[in-house]
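Here the structure comes first, spelled out in structure tokens, and everything after it is commentary.
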Protein chains: 2
Amino acid sequence: MNLYDFLSTTQEMAENRGPHDHVVLSSRVRLARNLKGHPFPGRAKKSDRVEACELISAQVAGLASMRGGYVESMSSLQALDKQLLVERHYISREHAAKSAGSGLALSKDESVSIMINEEDHLRMQSILPGLQLKQVWQKIDRVDTNLEARLQFAFHDRLGYLTACPTNLGTGIRVSAMLHLPGLVLQEQINQIIQAVTKLGHAVRGLYGEGTEALGHIFQVSNQMTLGESETDIVERISKVLLQIIEHEENARQTLLKNKTTELHNYVGRAFGVLAHARIINSKETMNQISLMRMGTSMGMFPTLTLAALDELFLISQPAHLQHLLGAKHAGEERDVHRANLLRERLAGVKGLQLPK
Amino acid sequence: MNLYDFLSTTQEMAENRGPHDHVVLSSRVRLARNLKGHPFPGRAKKSDRVEACELISAQVAGLASMRGGYVESMSSLQALDKQLLVERHYISREHAAKSAGSGLALSKDESVSIMINEEDHLRMQSILPGLQLKQVWQKIDRVDTNLEARLQFAFHDRLGYLTACPTNLGTGIRVSAMLHLPGLVLQEQINQIIQAVTKLGHAVRGLYGEGTEALGHIFQVSNQMTLGESETDIVERISKVLLQIIEHEENARQTLLKNKTTELHNYVGRAFGVLAHARIINSKETMNQISLMRMGTSMGMFPTLTLAALDELFLISQPAHLQHLLGAKHAGEERDVHRANLLRERLAGVKGLQLPK
């Protein structure tokens, strides 16, 4: 099955909204699982990996929740396909480098994705827009329960689920949310927030996971501990922290509007000016400028724009999505021209920053 | 007489055009003269300076070419007035710091301005838009001849006119033109041009004379030698060099358009985007962005704009002109907001970069 016939359009994806999505871009829970009696992928011979992958793929394909879904070996995907899946956060950058012996499964609505033979035999995640941690936990918990009825997972009475990396041991859970925090960045409160969140035992990272930059003022908050706490407790604890961060971000935006009105309008107005008039723009600058317009839009500064429209622009400005949209292969420089053309087209009807009367 | 009742409006000033004004902003000739039997201003006591200033002012006021003009002591001008005169290039920054014992005269059409007791007793200049070196030379030569009939200038048979600084000795002439060279800057050919022009015995400086930065891609080319060559020879020699620079700048713009089309449109488009949408902008950024739009306009990229409109924007974006326009005193930060408001207003009807069909 062609991946692109399967995948939702960027518009469908962007129009799928969730609670608090002016700050929370998406919520995600992933579980790490391994098969009993099979060597972990990192230590397995290729034949072992292929065997495990086939075994898992067959069982995943048989799940009711995966009906109408997409199950493929990584070897059947092109580099561009993989990069596109990374940009949608369906697979990790590491998994994108995998080939035969590794696989991918996506549920029909794309809310569940399963990496087969990444670091662990199974990395299954559920992702939904906005703040919906309980929902994604319930979704992935159901998948896990149903799979466990079909496969024997490596489990230790005292340690819980065994994983390739000890940081995942126990529940194998990673609960995370992607947050859009331009207000806290502009107010220079972001480091304070990161410190506080880290002290509470959570990790904060950039857009594409560990060690990546916070492009577009986007931060990923996730749990650190996977041992000694139940999954629901972890989800509940991190949900509370997220609600606090949302409040801080809202306050930062309101404080900017009240105390640094013109500075705020200047940031947002210039972002529009550049996006609507540049003829060459790279993805990094695009992300940072769209980020500012997104904040402005959520504050009513572009009455004819929606967050969905900007989120779609953000997605199609990413290298692989842009490349796919253009159809042909383009070098980075050409892409920067096409990206600028696309942005100008999409923003042509927008009048610039509107101040509330 | 109130200086502002006398001065032409910025619009009148900008609408006064000249040949080759897509590259040459203005042409200027100034002559340095000193009175015989009076100590040079730098060595004179205050009473001597006041006496010389009054003597000169009376004779200048009596000239036919200065009828309806403006003659005042520097002590009657406010700091803002002086800064405004600097921005129009009627007086030097050094002269703006002068007070009682120094003076200023402007002809009715502002094409002739005379600084009294700057470095020399008399610094008289004529300035006209575009490339008009012969015209400004003839104008100031007439003023000089008429003044010499009324005042005794310090003159040495072998050395010529005596001046405070030996670099002005002889003819006391400085012939200069203000050039807009964004093409050569973007093509990275400007240093080559500066070196060639310097080798030919001319000096190249930034917008406000010696040691100033080339803001807005503006360069001032002037003669170095004042001794051993007649005034008309100097004027002719520098005119030829200027025609060559104009050609190089035109070629640079055409090469950019041909070989780096999108880069050129990107520079110009972004400049418009920023100027039309910023809410805070300082004078330096404004000059550099207007400069790019000016080049674009001269190349037909903004069919509804004129060079005059941009030259006026450039002038009223300068600190003193802006301050005067606003009426009240404003701190630098406030000025940056008012400047942005002004630019947005003036550019509101402009659609952005238009590509030729």
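No value in this document is a laboratory result; all are computed from the given coordinates. Bear in mind that the values here come from a model prediction, so they are computed numbers and not experimental data. Cβ placement follows ideal geometry from the backbone for every residue including glycine, while neighbour counts extend to all protein chains displayed.
Assorted remarks:
- What you get for chain A, charging only the Cβ of Lys and Arg (+1) and of Asp and Glu (-1), is a dipole of about 320 debye around the Cα centre.
- The distance between label points at B:Thr232 and A:Ala97 comes to 7.9 nm (points 7 Å beyond Cα on the Cα→Cβ vector).
- HN-Hα J in Hz across the stretch B:63-73 - Karplus 6.51, -1.76, 1.60, θ = phi - 60°, x for Gly and Pro: 5, 4, 5, 9, 4, x, x, 10, 10, 8, 6
- Degrees between helix B:307-316 axis and first principal axis of chain B (Cα, 0 to 90, nearest 10): 60
- The stretch B:318-341 and the stretch A:100-115: distance between their alpha carbon centers, rounded to Å: 59
- Candidate lysines - alpha carbon under 19 Å from B:Lys260, same-chain residues fewer than 8 apart omitted: B:Lys357
- Applying the Karplus relation 6.51 cos²θ - 1.76 cosθ + 1.60 with θ = phi - 60° to the stretch A:128-133 yields 3J(HN,Hα) values of 9, x, x, 8, 9, 5 Hz, where x marks Gly and Pro.
- Under 5 Å between amide hydrogens, built in the peptide plane, is the criterion, and for A:Val24 it picks out A:His180 among residues at least 5 positions away or on other chains.
- Scanning chain B for the beta carbon that comes closest to the axis linking it by rotation to A yields B:Gly273, 2, distance in whole angstrom.
- When chain A is described by a simple charge dipole with +1 on each Lys and Arg Cβ and -1 on each Asp and Glu Cβ, the residue from A:Leu31, A:Gly42, A:Leu256 located farthest towards its positive end is A:Leu256.
- Rg over Rh for the stretch A:260-347 works out to 0.99, using Cα positions for both radii and the Kirkwood form for Rh.
- Our estimate of slack between B:Ala79 and B:Thr198, defined as 0.36 nm per intervening residue step minus the Cα-Cα distance, is 39.3 nm.
- For A:Arg142, the label point sits 7 Å beyond Cα toward Cβ; its separations from the matching points on the remaining copies run 9.4 nm, from shortest to longest.
- Kirkwood Rh and Cα Rg combined as Rg over Rh, evaluated for the stretch B:47-115: 0.95
- When the trypsin sites (Lys or Arg not before Pro) in the stretch B:68-143 are filtered for DSSP coil states and for at most 15 other beta-carbon atoms within 10 Å of their beta-carbon, the remaining sites are B:Lys108.
- Label zone at A:Tyr4, where the point sits 7 Å out along the Cα-to-Cβ direction: the stretch A:319-343 residues whose backbone N lies under 16 Å: A:319-331
- Spin-label model distance (nm) - B:Ala328 vs B:Lys258, 7 Å beyond Cα toward Cβ: 5.5
- Relative contact order for chain B: 19 percent, from Cα pairs under 8 Å spaced at least 6 residues apart, divided by residue count.
- At 7 Å out from Cα toward Cβ: A:Leu325 inter-copy label distances (nm, ascending): 3.7
- Its Cα gyration tensor gives the protein assembly as shown an equivalent ellipsoid; the semi-axes, largest first and in whole Å, are 71, 25, 21.
- Pair A:Leu159, A:Glu247: separation of 7 Å Cα→Cβ label points (nm): 4.0
- Reachable aspartates and glutamates from A:Lys199, criterion Cα separation under 19 angstrom, eight or more residues apart if same chain: A:Glu188, A:Glu210, A:Glu229, A:Asp233, A:Glu236, A:Glu247, A:Glu249
- Rounded FRET efficiency, nearest 0.05, which uses the C-beta distance separating A:Glu188 from B:Ala348 and R0 of 41 Å: 0.80
- Rounded, prolate or oblate (a/c below 1.5 giving rounded, otherwise prolate when a/b exceeds b/c) for chain A by Cα gyration tensor: oblate
- Simple point charges give the picture: +1 on the Cβ of Lys and Arg, -1 on the Cβ of Asp and Glu, and for the protein assembly as shown a dipole about the Cα centre of about 20 debye.
- Shortest-first nm distances, A:Gly68 label point to equivalent points in other copies (7 Å, Cα→Cβ): 8.5
- Between A:Gln138 and A:Lys36, the FRET efficiency from the beta-carbon distance, with R0 = 35 Å, is close to 0.85.
- Chain A: angle of helix A:283-298 to the longest principal axis, Cα-based, in degrees nearest 10: 70
- Residue by residue, the stretch A:79-91 carries 3J(HN,Hα) couplings of 4, 5, 4, 5, 5, 5, 5, 5, 5, 8, 6, 7, 10 Hz when phi is fed to the Karplus relation 6.51 cos²θ - 1.76 cosθ + 1.60 (θ = phi - 60°); x denotes Gly or Pro.
- Cross-link partners of A:Lys351 among lysines, defined as those whose alpha carbon lies under 16 angstrom from its own and excluding same-chain residues fewer than eight positions apart: B:Lys351.
- Pairs spanning more than 27 Å between alpha-carbon atoms, out of A:Lys139/A:Lys240; B:Lys98/B:Lys329; B:Lys46/B:Lys284; A:Lys258/A:Lys284: B:Lys46/B:Lys284; A:Lys258/A:Lys284.
- Sorting B:Leu242, A:Leu257 from the fewest to the most surrounding beta carbons within 10 angstrom yields A:Leu257, B:Leu242.
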